[in-house]
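Participant: Please find one structure pasted underneath; my questions will follow.
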Amino acid sequence: MAEVWCTDTGEAVYRSRDAVKNLRIRVRIQRVTSTAVISHHLQQRVQSQQERGIMELDTFVSQTQSVGDEEELVVGWQEKFFSQYEVDLYQTESVCQTPLEKQYHEEIMAMERAKKRRNQRIFTYTDFDRFTNWEEQAQSLMIPTETRRTFLAERMANIRHRRQERRPADTSVPKTRLVVWEPSSEFMKNSHIVNTPMQTMHLMADLGPPGKLGLKENEYVLCTIKTDSNGVVTVKPDFNNNRGPYRLETEGEKREVWRLYLENASAPIPGEEKQREQRMYIDLYSRHKDYLNSLVGQDFEMPPPGILRLLVNGEIVSAQGYEYDNLYIHFFLELPNSWSSVPFQSLSGVTQTCRTRTLGKDNVAFFSYPFTFESFFRKEDESEDSLPQWPVLYFKVLSLDFWQRYRTEGYGYLVIPSTPGHHRLTLQTWRPLQTGTVAELRRFFIGGAPELEDISDVRIPGTFKGDHLSRLGFRTQTTGSVTFNLNCIQHARGISEGPKTNAGRQRESTQRSNQHHRPACPRVLNIELNLEFFCVRVTQVNKLQCFISMCMCSGQHGGAAGSVAVTQLQGPGGCEFESPSK
Amino acid sequence: MTANNPSVFLLMVNGQIECANFPDYDDLYCKYCFVYGQDWAPTSGVEEGISQITSKGRDSSQNLVWNFPLDITFKSTNPFGWPQIVVSVYGPDTFGNDVVRGYGAVHIPFTPGRHTRNIPMFVPESTSRLQKFTSWLMGRRPEYTDPKVVAQGEGREVTRVRSQGFVTLQFSIVTKDMKKLGYDTTSTEQTPTTRLAGTEQLYGT
């Protein structure tokens, strides 16, 4: 006897570009009475027995198909069907005051004369009728149903009444007069809720006892359909879609249960037209695409073959941990030999002077100094398997105080990362120390400090040739750190050939050296190594982060697989290490 | 649409307006809508909505939770005008009037996957003290004529706003045919940052 009801009465949102007037809905209601239930059940049993070839039982044909207990109707969009109550009400001409009521009167009289009335119980309220479904707002979500509505629910239900000015669904956002300084309560009621203008239609049913139709208390909402001008159709509750009927229970002394079926009866688009429509859409979009293409043009500025173009948009974010205040940073970019730059591009800069503030334990100065540069790499020598040297950004941090005392705070350098993308790097700095206390006193009282003559001494001096760099005897003191944000873009013709996997990279770097005719640039991109690498005592050189001492070996190729990163510059130490075994 | 040669790409947004953090206010509800460029059109789903009214929890979390679902699919021929979601929060003031508590907007994320966005909210503010007092007294706080204003930058120079509160949104994004049309929105798979800070030392692998 258990029947499968559909309990999901939430609303469903559909989108359609077709005219809403083509919407048709088939509504069917059926009363569930005790005899109806039994006969329904027996009917099912009989039918199953019939399938097995047993004699039919006439008596069990459903006798409850009386007029009052079942009805089906196909309703079009905004099609007005009158309830018994309305028929009774609008028959007398004196009651009709507004033009709408007068129109209803005419229609009802015509209907009565022609004796053509298609509906008994099911009727509709169109957009023009001033009907608001109060119960719907309160009942759906909670058990037991809450009788008092929140103010928001009241406002949302009231939208329809105030929608007479019918604001068009405009997508333009106001550009002037953005703020309403003293909003009226009317404005607030309208703007605090979702008030897109919508056309509504309610499918109703008069579920009174048969013969006693026409009482307003017996009206129940079957379905609410809303559309807006954008082709959005909201149906609440949704079509049954073979999920079982909805359950309607009447109030009043005699609680009756009705089944509700809703079905979309709109005429579907014939196959040919559908195809034509799809072709038209495809056409439209491809033409739009061509139009956009024509605006942009076909020529995309590509670097010449064999050249890698590097674009760096960077930012000096902050400097932290320095002794003195009023810091500024002076940086410049050094391009190694195979790199060239766009003319009239400045490769150096000075930030503003920034006062620090305490953030946590550090004194931080935020610069937010943007810089950008573009450079081109051309592989000069294809002979050995040397990897390109990437540009280096040298910087020094200086402080200038109120007394015009100028001090160096730190030197550091940053090798532009060889992988494209976003990098946030924090680099430690050091400053040179002179032996003895006099220099420090001078620095404190008067300002001035030893500076490096050539800033590239910070890394590998330009004049350096050889394979053993020693900074023995040089004293420095560790100072704070500087944070950079870099966004790197690499642009070359070889990139569009597709990405290479990790395993293939190492092979390629050794293969590359053997193939002189191939452009070296594309391969460069996929290698994650930094160029300087250092000798360490540990034989495993896979993805190590390690200290480097002041002994560095330069000029050899990076045979290590995986990335080796530079972490910290410590004080001078003249230790010797083994070369990496590979 | 032929699968080999698509002319539009789809952006499917699922998610929720999860919660709000307004230390001074309670009993808030929010409303959202999407703002997008001319070449974008929603193909399915709900474009705007209004949430329930929620109060702060009894424990000390001070979070106002809506968990209000978002579900929309856009189609477009052009990434210009990428959709933004505009959230407006309203609530009662001390006299019981319904006033605006914050506006905020954020772009829908580009990359497929799960994202959380914590957007700060602001309200327009009157310039003179007297106007501030009368609007507090009468319960008529300045509001934007159309909340979609916060999704664009024009006309902002004449407004003065005060920041208050945050709203947390969660998105799950799926895109279709973006790669075929030549747009690459995947994040880089390599190790994201090269840290030279020296604070963590990892020896060996």
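The values are calculated or read from the model by the stated rules, or taken from the named source; none is laboratory data. Quantities reported herein were computed from a predicted structural model and do not represent experimental measurements. Virtual Cβ from ideal backbone geometry, glycine too; neighbours counted across all protein chains shown.
Participant: Output the number of residues of the stretch B:152-180 satisfying the condition of being of a type in the set (A, V, I, L, M), over 18 Å from residue B:125 (Cα atoms) and within 13 Å of chain A (Cβ to nearest Cβ).
Facilitator: 0
Participant: Hey, among B:182, B:139, B:198, which residue is at pLDDT below 90, surrounded by 14 or more Cβ atoms within 10 Å (Cβ to Cβ) and within 30 Å of residue A:417 (Cβ to Cβ)?
Facilitator: Testing whether each residue is at pLDDT below 90, surrounded by 14 or more Cβ atoms within 10 Å (Cβ to Cβ) and within 30 Å of residue A:417 (Cβ to Cβ) leaves just B:198.
Participant: Can you give me the number of residues within the stretch A:184-226 that are under 31 Å from the mean Cα position of the chain (by Cα) and of a type in the set (A, V, I, L, M)?
Facilitator: Final tally of qualifying residues: 5.
Participant: Here is a further query. Name the pairs whose Cβ atoms lie under 6 Å apart, with the first residue in the stretch A:357-378 and among the charged types (D, E, K, R), the second part of a strand (DSSP E or B), and 6 or more positions between them or separate chains?
Facilitator: So the pair list comes out as A:362/A:320; A:374/A:311; A:378/A:307.
Participant: Right, here's the next one. Please go through the stretch B:157-181 and give me each residue that is among the charged types (D, E, K, R), over 24 Å from residue B:96 (Cβ atoms) and under 18 Å from the mean Cα position of the chain (by Cα), ordered by number.
Facilitator: Those that are among the charged types (D, E, K, R), over 24 Å from residue B:96 (Cβ atoms) and under 18 Å from the mean Cα position of the chain (by Cα): none in the stretch B:157-181.
Participant: Something else now. Give the stretch B:49-66 a look and list any residue that's free of Cβ contacts under 8 Å to residues at least 12 places away in the same chain and among the small types (Gly, Ala, Ser), or say none.
Facilitator: Matches in the stretch B:49-66: B:57, B:60, B:61.
Participant: Follow-up question, since we're still on this one. Scanning the stretch A:227-249 for residues that are among the acidic types (Asp, Glu) and under 23 Å from residue A:32 (Cα atoms), which turns out surrounded by the most Cβ atoms within 10 Å (Cβ to Cβ)?
Facilitator: Looking at the filtered set, the residue picked out is A:238.
Participant: Right, next: How many residues are of a type in the set (Asp, Glu) and farther than 27 Å from residue A:190 by Cα if we restrict to the stretch B:61-105?
Facilitator: Of the residues in that region, 0 qualify.
Participant: If you don't mind, there's one more thing I want to ask. (1) under 26 Å from residue B:54 (Cβ atoms); (2) more than 8 Å from chain A (Cβ to nearest Cβ); (3) more than 18 Å from the chain's Cα centre (by Cα): which one isn't true of residue B:129, the others all being true?
Facilitator: With (1) under 26 Å from residue B:54 (Cβ atoms); (2) more than 8 Å from chain A (Cβ to nearest Cβ); (3) more than 18 Å from the chain's Cα centre (by Cα) applied to residue B:129, the lone miss is (1).
Participant: Can you pull out every residue in the stretch B:127-151 that is part of a loop (DSSP other than H, G, I, E, B) and touching a residue at least 24 places away in the same chain (Cβ under 8 Å)?
Facilitator: If the condition is that a residue be part of a loop (DSSP other than H, G, I, E, B) and touching a residue at least 24 places away in the same chain (Cβ under 8 Å), then B:127, B:139, B:140, B:141 are the ones that fit.
Participant: So, in the stretch A:330-385, how many residues would count as being part of a loop (DSSP other than H, G, I, E, B) and not charged (D, E, K, R)?
Facilitator: 16
Participant: Do we have any residue at all in the stretch A:429-452 that's within 25 Å of residue A:378 (Cα to Cα) and in contact (Cβ under 8 Å) with a residue 40 or more places away in the chain?
Facilitator: Looking through the stretch A:429-452, none of the residues is within 25 Å of residue A:378 (Cα to Cα) and in contact (Cβ under 8 Å) with a residue 40 or more places away in the chain.
Participant: What residue, among those in the stretch A:411-446 that are crowded, with 17+ Cβ neighbours inside 10 Å and more than 14 Å from chain B (Cβ to nearest Cβ), is nearest to residue B:186 (Cα to Cα)?
Facilitator: In this case the residue turns out to be A:411.
Participant: Here is a further query. Does residue A:30 meet the test of being at pLDDT 65 or above and closer than 21 Å to residue A:214 by Cα?
Facilitator: So residue A:30 fits the description; yes.
Participant: Here's something else I'd like to know. Scan the stretch A:227-253 for residues that are more than 37 Å from the chain's Cα centre (by Cα) and either without any contact (Cβ under 8 Å) to a residue 60 or more places away in the chain or within 14 Å of chain B (Cβ to nearest Cβ) (or both) and jot them down.
Facilitator: Across the stretch A:227-253, the qualifying residues are A:249, A:250, A:251, A:252, A:253.
Participant: Here's a check for you: in the stretch B:69-128, which residue that is in contact with a Pro (Cβ under 9 Å, 6 or more places away or on another chain) and among the aromatic types (Phe, Trp, Tyr) is surrounded by the fewest Cβ atoms within 10 Å (Cβ to Cβ)?
Facilitator: My answer is B:110.
Participant: Can you find a residue in the stretch A:255-270 that is surrounded by 11 or more Cβ atoms within 10 Å (Cβ to Cβ) and free of Cβ contacts under 8 Å to residues at least 40 places away in the same chain?
Facilitator: no
Participant: Would you pick out the residues in the stretch A:82-129 that are closer than 21 Å to residue A:203 by Cβ and of a type in the set (A, V, I, L, M, F, W, C)?
Facilitator: A:82, A:87, A:89, A:100, A:108, A:111, A:122, A:123, A:128
Participant: Using the structure shown, decide if residue A:473 is farther than 30 Å from residue A:317 by Cα and not hydrophobic (A, V, I, L, M, F, W, C).
Facilitator: Against the criterion (farther than 30 Å from residue A:317 by Cα and not hydrophobic (A, V, I, L, M, F, W, C)), residue A:473 qualifies.
Residue-by-condition table, conditions (1) surrounded by 16 or more Cβ atoms within 10 Å (Cβ to Cβ); (2) within 14 Å of chain B (Cβ to nearest Cβ); (3) in contact with a strand residue (DSSP E or B) (Cβ under 8 Å, 6 or more places away or on another chain):
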position	(1), (2), (3)
A:190	yes, yes, no
A:193	yes, yes, yes
A:199	yes, no, yes
A:203	yes, no, yes
A:211	no, no, no
A:216	no, no, no
A:225	yes, no, yes
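Participant: So residue A:62 clears everything in (1) in contact with a His (Cβ under 8 Å, 6 or more places away or on another chain); (2) modelled with pLDDT of 80 or more except one condition, right? Which one?
Facilitator: Residue A:62 satisfies all of (1) in contact with a His (Cβ under 8 Å, 6 or more places away or on another chain); (2) modelled with pLDDT of 80 or more except (2).
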